[in-house]
């Protein structure tokens, strides 16, 4: 018994391809994937959240000393958050860059702020969150990609 190649080659017969039914599981998975991608895109575009720069600081003589990078100077807000509470601050002194590593240059900043009296202990280490503003996931992703292309 000899078979012809055209009889078993179903990929060359376009009528069989057009009449073939796609299983409903594939349709449902494609639909769920598309809806999920659209929903993620909408959330990434329209949901805003607060962005903070986080630095470690030392309290000396009721002044706060921080080593900051150039990202600190790009934000113009005068709000910082310590232990969940917001405080305004004033920059007293900026020393020229004190050291440099693979991530960039760092400057020593001395700021004053009305912080609680029980925190004013010499060489008291605290973590400070500087408010940078509202942003979206899409904006941050685009900035990250641009920054990676430049470096």
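The values are calculated or read from the model by the stated rules, or taken from the named source; none is laboratory data. What you see is a predicted model, and the numbers here were worked out from it, not measured in a lab. We place every Cβ from the backbone using ideal geometry, glycine too, and count neighbours over all the protein chains shown.
Identify, please: which residue in region 104-121 is within 15 Å of residue 92 (Cβ to Cβ) and more than 28 Å from the chain's Cα centre (by Cα) and is, among those, modelled with the highest pLDDT? Going through the qualifying residues, I end up with 112.
A residue that is without any contact (Cβ under 8 Å) to a residue 40 or more places away in the chain, assigned to a strand (DSSP E or B), at negative phi and not assigned by TED's automatic domain parsing to the domain that holds residue 40 can be found somewhere in region 77-87. Between 30, 58, the distinction of being modelled with pLDDT under 90 and either closer than 16 Å to residue 130 by Cα or in a helix (DSSP H, G or I) (or both) belongs to 58 only. Given (1) in a strand (DSSP E or B); (2) more than 19 Å from residue 126 (Cβ to Cβ), identify the lone condition not met by residue 40. (1) is the only condition that residue 40 fails. Out of region 104-151, which residues are touching a helix residue (DSSP H, G or I) at 6+ places or on another chain (Cβ under 7 Å) and either without any contact (Cβ under 8 Å) to a residue 24 or more places away in the chain or not in a strand (DSSP E or B) (or both)? The answer is 137, 138.
Does residue 97 satisfy the condition of being more than 30 Å from residue 38 (Cβ to Cβ), surrounded by 14 or more Cβ atoms within 10 Å (Cβ to Cβ) and touching a residue at least 12 places away in the same chain (Cβ under 8 Å)? It is false that residue 97 is more than 30 Å from residue 38 (Cβ to Cβ), surrounded by 14 or more Cβ atoms within 10 Å (Cβ to Cβ) and touching a residue at least 12 places away in the same chain (Cβ under 8 Å). Is one or more of the residues making up region 62-70 surrounded by 10 or more Cβ atoms within 10 Å (Cβ to Cβ) and in a helix (DSSP H, G or I)? Yes, there is a match, as at least one residue in region 62-70 is surrounded by 10 or more Cβ atoms within 10 Å (Cβ to Cβ) and in a helix (DSSP H, G or I).
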